[in-house]
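Asker: There's a structure below that I have some questions on.
Rule-based calculations on the coordinates, nothing more; no lab input. Computed from a predicted structure; not experimentally measured. Here the Cβ is made from the backbone with ideal geometry for all residues, glycine too, and neighbour counts use every protein chain on show.
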């Protein structure tokens, strides 16, 4: 599968300073970020915000395969978190320092 549409526009160090909820990317990435946030936060429940995010996602020329890609990436993250938490695996890389929450 091809998920190049999920490639971040910023480097890791740049993204660390700008949480998605408080960052404006561009007319193509904003709908992707908003849609992805809605999927994660509302677990795809019906709401006005979810409908608006869904409409903006498709209006930005993303299609059903891109939607499936977002769901697969979110699902992969959930599986990784469950595995880590249930198996209590050691982290084999340095832990990143905690970020301060951005204020809107």
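Asker: Which pairs do you get when a residue that is on the phi > 0 side of the Ramachandran plot, found in region 35-64, comes within reach of a residue that is assigned to a helix (DSSP H, G or I), reach meaning Cβ atoms under 9 angstrom, with the pair 6+ apart or on two chains?
Answerer: Partner pairs satisfying both residue conditions: 44/38; 44/50; 44/71.
Asker: Can you tell me how many residues within region 50-67 are surrounded by 13 or more Cβ atoms within 10 Å (Cβ to Cβ), assigned to a helix (DSSP H, G or I) and out of contact with any helix residue (DSSP H, G or I) (no Cβ under 6 Å at 6 or more places or on another chain)?
Answerer: The initial filter retains those residues of region 50-67 that are surrounded by 13 or more Cβ atoms within 10 Å (Cβ to Cβ), namely 50, 52-54, 56-58, 60, 62, 66-67.
Still in the running and assigned to a helix (DSSP H, G or I): 50, 52-54, 56-58, 66-67.
From what is left, the residues that are out of contact with any helix residue (DSSP H, G or I) (no Cβ under 6 Å at 6 or more places or on another chain) are 52, 54, 58, 67.
Adding up the residues that qualify gives 4.
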